[in-house]
1. Can you give the extra length, in nm with one decimal, that the chain gains between residue 198 and residue 287 once fully stretched, where that is 0.36 nm per residue apart less the Cα-Cα distance?
2. Say each of residue 168 and residue 227 gets a label point 7 Å from the Cα, pointing the same way as Cα to Cβ; how far apart are those two points in nm?
3. Please list, by residue number, every one of the GluC sites (Glu not before Pro) in region 38-120 that is coil in DSSP and has at most 12 other beta-carbon atoms within 10 Å.
4. Sorted by average packing, counted as other Cβ atoms within 10 angstrom per residue and highest first, what order do 172-185, 285-298 take?
5. Using 0.36 nm times the number of residues separating residue 155 and residue 31, minus their current alpha carbon distance, what extension gain do you get?
6. Taking the simple approach of a point 7 Å from Cα along Cα-to-Cβ for both residue 242 and residue 279, what is their distance in nm?
7. If you keep only loop residues by DSSP, which trypsin sites (Lys or Arg not before Pro) in region 184-264 have at most 11 other Cβ atoms within 10 Å of their Cβ?
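What follows is calculated from the coordinates using simple rules that are stated; it is not laboratory data. None of the values given here were measured: they were computed from a predicted structure. Because the Cβ atoms are built from the backbone with ideal geometry, glycine has one as well, and the counts that use them run over all protein chains shown.
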Amino acid sequence: MHKAIKSLATIIAIALLYALAAPLTLAASDSFSVAPVLPENQSPESLGSFNLDVMAGQTQEIEVLVSNPSSDFITVEVSLLTPGTSRSGVIDFSQSGTLDETLDTSFADIAELKVESTITIPSGATAVVPIALHIPSDGFEGVVFGAIHVLLTVSEEEMAQAGQFVNRFAQVIPVRLFVDRANTIISDFQLGDIELSLVAGVAALEANIRNPQPRFCIGAMVGAEIYPKGTSTPIFTVADLEVDFAPNSVYPLTMLDNAGYGILTGDYVANISVEFGGSVWIFEQDFHISRNTSNEVNSNAINQQAPPNLLRQESSLSSLILWIVVGSAGFVLVLCTAIMVVVRVNKNR
């Protein structure tokens, strides 16, 4: 029974991991709609998002329309984000992701919301949300990528009625800015740190794959093998994993200890590959898991259990102890019997 409960907890935790890792679903809602007001410097092939050719040193104001067709007023929260790459390998529009240290020009830094971030819209009305774009005087290379994130707020009463799960509708308008669209940025990848951590309550190795360039890398193929150093049998294998890299972002390749046997202290070797645009990047990196980290992470994993070989060792040890006890008892019994026989014989004599 206890094992079944732990297995169920593991399934729930893994499901939660991917729910949290996935980008926010842009749910269709009758409560509000969002649309960009496209300026003259808009690239014609992108109609549902901003795709702008801008100039160094320029300040440009763009606008977003938030409409409320419902029969009651609504309140929305507007955020200006720099999207990253989620654990599930897609561009994460729900929050600012992990950005690479090579990012020079962040959308969140050059975009300014010209109204309050919380906006109340009456029934049947449309709010105009102006955003100022302050382009650096020396421009930038590649693309500056951002998102205008509009989230429907939920009242305390609605949260109380909904209980544990509350649907929060959001819509996002992507923003791509170019100073010199003709300047081709050559793709590149680098491997960052490899660390042991808890992910949604499950022990996991996270290999941070970096896209240090200001360009999208959509449809990159990632593979990985993790070996204890000096062995030829991998403890983790990842094959043909498709990843969409946001510009200047870090993708945390997450390898879960689904079995719950724990990831032990020691030295390891990671072989990781990234294939994109006809080129292949291969990384081999040594890393170490300390005893303190291993003990802390494994002991707190909700699916922790003893490995099969350890169970067999414990069973063998128990059997050995049992045979030693039985054998010792038998030896003592035989010895006592022999002594009694000798004493009786001597008494008769």
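1. 30.3 nm
2. Roughly 4.6 nm, to one decimal.
3. Passing sites in region 38-120 are 40, 45, 101, 116.
4. Top to bottom by mean Cβ count within 10 Å: 172-185, 285-298.
5. Extra length from residue 155 to residue 31 when fully extended: 43.2 nm.
6. 2.2 nm
7. Here the trypsin sites (Lys or Arg not before Pro) that fit, given the DSSP loop and packing criteria, are 229.
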